[in-house]
Structure formats: structure tokens, C-alpha cells
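K.L.:
Right, I'll just put the structure down here and ask away after.
The values are calculated or read from the model by the stated rules, or taken from the named source; none is laboratory data. In this text the structure is predicted, and so the values were computed from the model without any measurement. Virtual Cβ from ideal backbone geometry, glycine too; neighbours counted across all protein chains shown. Calculation scope for accessible area: heavy atoms of the full protein, side chains included, ligands and nucleic acids excluded. Shrake-Rupley method; radii C 1.70, N 1.55, O 1.52, S 1.80 Å.
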Amino acid sequence: MIRAAGLVLGLWAAGVSAVTASAPPAPAGARIEPVTAGEIAGWAQDDHRVVLRLFAQGCETDPPLRQGIKPPPGLPALCTEAAALLKAGEPDRATARKFFEDRFSFWRVRPAETPRGFMTGYFEPEFEGSLTQSAAFPTPLYGRPVDLVTKRPGDDWPGFDPALSSARRGERGLEPFPDRAAIDDGALDGQGLEILWMRDPVDRFVLQVQGSGRIRLPDGRVTRLVYAGRNGHPYTSLGRELSRRENIPPAEMTMDRLVARLKADAGFARELIRLNRSFVFYARRDDLPPEAGPIGAAGLPLTPLRSIAVDRSAWPYGMPAWIAGEIPDGTGGSEALSRLVLAQDTGSAILGPARIDLFVGSGPQAGHRAGLIRHPFDLIVLWPRGRER
């Protein structure tokens, strides 16, 4: 049994000579180059213990909520090593930093056409809702249909539209699942899939964009919602569509502005929301502690400003990364953000090797701040070092 963090690091140090840098497979459209920890501005000042604790929880659950690419062989083993290190006692900051420096190589990732990546923000919203339908709560939220089949990375569905990531299994095989408009028009009626009801389609739209949420019931209780699947149709940005229709500069189109416009005109909201054919299904998780973050696609709780969503076809869950840039502070200013984060989620709109969504937190303040984040940033991925034979 390991009894001291110093012993663990001593064993690692003894094996450093047998460890070599291993480059990650370069995703399509990416440029990667090696860097050292000493070249990363702010690296030594960060508190790596935060991400070490998250990393020790595991790279992903089995199975994850949303299947991603297979992690490199060394990554799950390093999650296990991190857990062993923490069992030996709370490490100091230097020990936690050395864990990542000794076991990972560092690779700067840039898109092929631009010098920096692109970062947005997301949050866990809270809405009012009810477990029973009423005039006040007429909009249904659905659980996962039994005939829904989710396409996994590497699956080949001959003759099927490659843009569809899910399907319905029928008597004659796979067929496209109903899109949002068809679902709104009753395609799922009579199946008993309703898990609760919300005030209006705008609240449901925001919930589905964020991927998880909290629903406050009329008696004051709060129920948590986690992602359970989607109908597989491509995601359409309503903010981009509203910008185009009403000549609003994209830089001025925030989530707050979009929601205000939709709330002001129910007919317009219904028509615009139907343009996004993607539709998300949920499961209730009343067992989650109120203080815990929402569950990401990897199946693990998210941590504000430390958890990111990545393109699940480009990077694996559990991958540490360093991000550097500026984000709004929520009060009209901005602040520098340079820190170690962990890939624990994904999203339909998060596509590309240097595209991330930063989890900001829960509640309206986090939502306001998340909606303002549309910023360039620098990305460095940490990849498990290979071992010489």
C-alpha cells in the first residue's frame, strides 16, 4: 500500500528515463507543435491540485453518457495513478504540478487557417417546471425513446445520411428520427415519454442548448436533469439566424438578447426554434447533491472554469489541457484566464480541433457570463507520454 506522496513521486522519478514524449494523432484541420511546461506563461502559478482531483475521479464512466473516441492507452492508467496519489494524502501544489509535467507531453494546437482557437461558454440553467401538465406548464420534456439508436465514432451506417448522428430502429432497419418540428407536432405522443413540463418552448430551447439543468417544482423541490440522447439532426444556431434576419452584428448577439427576443413574441419564437431540428432528451437525477455540478458527457460532474466540452471526434474525455485567453467577467469588463482544465463534455456545436465550450457554473449569473464568451484563445493539450520497450 502506498503511504506517502513522496514515495509515489520517487518511483515516478526513477522511471522518467524510460518515458518518452508521445505526440497525439493530429485531428483533421489541426496544426500541432511540441512545447515545454516552462514555455507556458502562468503554468507554475496555477493550482494543479484542482484538476488532479477531477482527473482522479476517472477519465469517463462506463459507459459515458455520450460516446467519444477511445482514449489513448496510457490515459486511464494515469487517472488510476492520480487516485493513488490522492489516497496517499493531500499533495502540495508542487507535487500536483510535477504529476502533470512528468506524465504528459505538451502540444500546442492551432486550427489550420487561424492562429488561435475559439472558445464559447455554457452553464447549468434553472427553470420552473412541474411533474404534471397544466396551463402554466404546457411544454413537455421527454426521456430517451426506446427506439433511439445513437451513432458511435467509427460506426458505419451504409446508405444513411452522414449528417445524422442518431436514428430510429424500425421494422425495416434504421430510419431518420423525427426532427424538432415533427416532435412538436406530436410524433412522440402516446409513448409516455414525458418526464416533466416547462413553462414555454423558449425555456426548453435554452435547456437543450446547455445540455443539463435544474427544474424548481411548485412545492420548492429541485430536480436535476442530465443528457440522455438526441434525435441526431444537425444543430442550427438560432443566434446566427437572428443576426442574419435582423441585421444584428454577430458580436452583439448574446444569449440574453436572443432569449429576450424569443420571449417577446411566442409565434416568432416557435417558428425560429423549429429551425433547429436537433432535439435533446433527458433523464431525471434526483440523487445528485444540490452542490454538485451537472453531469457532463463523460458521465462525471462538471466544475466551473475547470471543465470544458470538446469535439468528441477529435479529443478523448479525460484529457487535460491548458487554455489561455480573456473572458468577460460578467460586469462589463474582462479578465485573463490561463489555467489547466479537463475535457469532460461535448456538444453538437463544438466541432473542430481547437474549439471548446467552457463550463461557467450554475444559475442566472453564470448564464449571463457564459452567453458573453465568444473569444479566441490558445490551446495546449497534455498527452500521455509513451514508454520505451
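K.L.:
Can you give the calculated 222 nm mean residue ellipticity of the chain, where each DSSP H run of n ≥ 4 adds -39,500 (n - 2.57) and the sum is split over every residue, rounded to the nearest 500 deg cm²/dmol?
P.N.:
Numbers: 10 runs with 94 residues, N = 389.
Using -39500 (n - 2.57) per qualifying helix, the result is -7000 deg cm²/dmol.
K.L.:
Considering Cα pairs under 8 angstrom that are at least six residues apart, work out the relative contact order of segment 149-247 and quote it in whole percent.
P.N.:
Result for segment 149-247 is 29 percent.
K.L.:
Output the relative contact order of segment 226-343, whole-number percent, from Cα pairs under 8 angstrom with separation of 6+ residues.
P.N.:
25
K.L.:
Answer with one residue from Met253, Ala228, Val209: the one whose Cα lies farthest towards the positive end of the charge dipole of the chain, charges on Cβ with Lys, Arg +1 and Asp, Glu -1.
P.N.:
Ala228
K.L.:
Sort Asp47, Asp156 from largest to smallest accessible area, using a 1.4 Å probe on the heavy atoms of the protein chains. Let's see the in-between values first.
P.N.:
Numbers: Asp47 30, Asp156 125 Å².
Descending order: Asp156, Asp47.
K.L.:
Still on this structure, I have one more. Got a sec to turn the phi values of segment 25-30 into Karplus ³J(HN,Hα) couplings, 6.51 cos²θ - 1.76 cosθ + 1.60 with θ = phi - 60°, whole Hz, x for Gly and Pro?
P.N.:
Karplus-based 3J(HN,Hα) across segment 25-30 equals x, 6, x, 4, x, 10 Hz.
K.L.:
Beyond 16 Å, how much of the Cα-Cα pair distribution for segment 85-201 remains, as a whole percent?
P.N.:
Result for the distance tail: 78 percent.
K.L.:
List the aspartates and glutamates whose alpha-carbon lies under 16 Å from that of Lys70, not counting same-chain residues fewer than 8 positions away?
P.N.:
Glu60, Asp62, Asp155, Asp311, Asp345
K.L.:
State, to one decimal in nm², a quarter of the convex hull surface area for the C-alpha atoms of segment 337-389, i.e. the direction-averaged projected area.
P.N.:
5.5
K.L.:
How far apart, in nm, are the 7 Å Cα→Cβ label points at Asp329 and Phe160?
P.N.:
With each label point 7 Å from Cα toward Cβ, the separation is 4.9 nm.
K.L.:
Using the Cα gyration tensor of segment 278-389, with a ≥ b ≥ c the square roots of its eigenvalues, what is the shape: rounded (a/c below 1.5), prolate (a/b larger than b/c) or oblate (neither)?
P.N.:
Here segment 278-389 falls in the oblate category.
K.L.:
Still on this structure, I have one more. Mind putting together the pair-distance distribution for segment 310-359? All Cα pairs, 5 Å bins, whole percent per bin, short to long.
P.N.:
Whole-percent P(r) values from 0 Å outward: 5, 20, 27, 20, 16, 10, 3, 0.
K.L.:
Sticking with this one: From the square roots a ≥ b ≥ c of the eigenvalues of the alpha-carbon gyration tensor of segment 26-126, which class results: rounded (a/c under 1.5), prolate (a/b over b/c), or oblate?
P.N.:
Cα axes put segment 26-126 in the oblate bin.
K.L.:
Please calculate how many Å² of accessible area segment 270-354 carries per residue, with a 1.4 Å probe and no DNA, RNA or ligand atoms counted.
P.N.:
Roughly 33 Å² per residue, with all protein chains present.
K.L.:
Report Rg (one decimal) and Dmax (nearest whole number) for segment 156-277, counting Cα atoms only, units Å.
P.N.:
Rg, Dmax (Cα atoms, Å): 16.6, 50.
K.L.:
Starting at the first residue of segment 80-89, write each ³J(HN,Hα) from the Karplus equation 6.51 cos²θ - 1.76 cosθ + 1.60 with θ = phi - 60°, in whole Hz, x for Gly and Pro.
P.N.:
5, 5, 5, 4, 5, 4, 5, 5, 6, x
K.L.:
Specify the residue with the greatest mean-square fluctuation among Gln208, Gln191, Gln133, computed from a Gaussian network of the chain linking alpha-carbon atoms under 10 Å apart.
P.N.:
Checking each option, the largest mean-square fluctuation is seen for Gln191.
K.L.:
Give me the extension gain from Ser313 to Glu39: residue separation times 0.36 nm, minus the current Cα-Cα distance, reported in nm with one decimal.
P.N.:
95.8 nm
K.L.:
Taking a quarter of the surface of the convex hull around the Cα atoms of the chain, what do you get in nm²?
P.N.:
22.0
K.L.:
Near Pro138, within a Cβ-to-Cβ distance under 13 Å, what is the net charge of the other residues, with Lys and Arg +1 and Asp and Glu -1?
P.N.:
-2
K.L.:
May I pose another question? What residue among Pro364, Gly325, Val280 has its Cα farthest toward the positive end of the dipole of the chain, where the charges are +1 on Lys, Arg and -1 on Asp, Glu, each on the Cβ?
P.N.:
Gly325
K.L.:
Tell me the relative contact order for segment 318-389 as a rounded percent, counting alpha carbon contacts under 8 Å between residues six or more apart.
P.N.:
43
K.L.:
In segment 284-389, which GluC sites (Glu not before Pro) are in a loop and have at most 16 other Cβ atoms within 10 Å, using DSSP for the loop call?
P.N.:
Those satisfying the criteria are Glu291, Glu388.
K.L.:
Which lysines, if any, have their Cα less than 19 Å from the Cα of Lys98, not counting same-chain residues under 8 positions apart?
P.N.:
Counting by Cα, and skipping residues close in sequence, Lys98 has these lysines nearby: Lys87.
K.L.:
Oh, and also: Among Gly330, Gly143, Gly170, which one shows the highest mean-square fluctuation when the chain is modelled as a Gaussian network with alpha-carbon springs under 10 Å?
P.N.:
Of Gly330, Gly143, Gly170, the most mobile in the Gaussian network model is Gly170.
K.L.:
Continuing with this model, one more query. If R0 is 25 Å, what FRET efficiency do you get for Ser134 and Arg285 from their C-beta distance, rounded to 0.05?
P.N.:
Values: r = 24 Å, r/R0 = 0.94.
With a Förster radius of 25 Å, E is 0.60.
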